[in-house]
Every structure is written in structure tokens, then in C-alpha cells.
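The values are calculated or read from the model by the stated rules, or taken from the named source; none is laboratory data. Every value quoted in this text rests on a predicted model; they were computed, and no experiment measured them. FYI the Cβ positions are ideal-geometry reconstructions off the backbone, even for glycines, and counts take in every protein chain you see.
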Amino acid sequence: MKVAIPTMGDGGMDEAICQHFGRAPTFTIVDLDRREIKVLPNVSEHMGGKGLPTETMFAEGVQVMIVGGLGPKAVQAFNQAGIDVFVGAAGTVRDAIDGWKEKMLARADLDNACKEHKD
């Protein structure tokens, strides 16, 4: 199972989570089955590139997205792709995955999407 987290850099499991999904400098993808970590730079249109961060996650085969928060468009895109999204993560990648495993994070929906992105 591949789990992805928006992150501040390339520190792997000890990297800090970026609280703004679309503007995260990197995305850390953890393959829990193979125990592999892959860090991708965010090259989406939010960062002056092309495409959307959600498209990158689809292409990488991510099954679970763990975030601090994200906007309603991203929630809808992930839902349509069948990728489970959980909000409320903080700390490091390790903290986020532990919180998700312990069922301490909420499933993302339009009610808990970031308010500043609802317009």
C-alpha cells in the first residue's frame, strides 16, 4: 500500500509535514509493503509547473493521502479516483502514518476541507 504525505523537504520519515497540500515543496510516498520511501518535488501548477498535485498522486499509484488539510477540489478529485484522504496530520511523516494507523485522523470530506479554498 502506498501512502503519500505533503512534506517540507526530502528527510524521509523524519521530514516535517507541509500543512498546505497544494503548495508543499515535496511529497513523500511510503510503500508500506515494500518499506520503500520516495520523495517527489512538487512541480505542479501551484509551484509554477504543470498539472495538479492530485494527478501526481494518481500517477504514482497512491492509495492513501495523509494531510494537514486540503481544499474541496482536491477532496473531490481524490474521492473520484478512489484514493482515501485523511486530514488532521501534524509533525513528521512518521507521526502522520502512526496517527493514521491508530485511527486518529478524520476522513476528508467537503465539511472539513480548508475554508480558505471554498470559493
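Observations on the model:
- Scope segment 75-96; condition in contact with a Phe, Trp or Tyr (Cβ under 6 Å, 6 or more places away or on another chain) and either in a helix (DSSP H, G or I) or polar (S, T, N, Q) (or both); matching residues: Ala81
- Within segment 29-41, residues that are outside any loop (DSSP other than H, G, I, E, B) sit with their Cβ atoms under 7 Å from residues that are acidic (Asp, Glu), at 6+ positions apart or across chains, in these pairs: Ile29/Glu60; Val39/Asp10.
- Test: Val87 is buried (at least 20 other Cβ atoms within 10 Å of the Cβ), at pLDDT below 95, under 10 Å from the mean Cα position of the chain (by Cα) and closer than 12 Å to Pro6 by Cβ: yes
- From Glu60, Glu55, residue being touching a strand residue (DSSP E or B) at 6+ places or on another chain (Cβ under 7 Å), of a type in the set (Asp, Glu) and at negative phi: Glu60
- Here Gly12 does not qualify as without any contact (Cβ under 8 Å) to a residue 24 or more places away in the chain and over 12 Å from the mean Cα position of the chain (by Cα).
- Every condition in (1) touching a Lys or Arg at 6+ places or on another chain (Cβ under 9 Å); (2) hydrophobic (A, V, I, L, M, F, W, C); (3) more than 15 Å from Ile83 (Cα to Cα); (4) not in a helix (DSSP H, G or I) is met by Met13 except one, and the failing one is (4).
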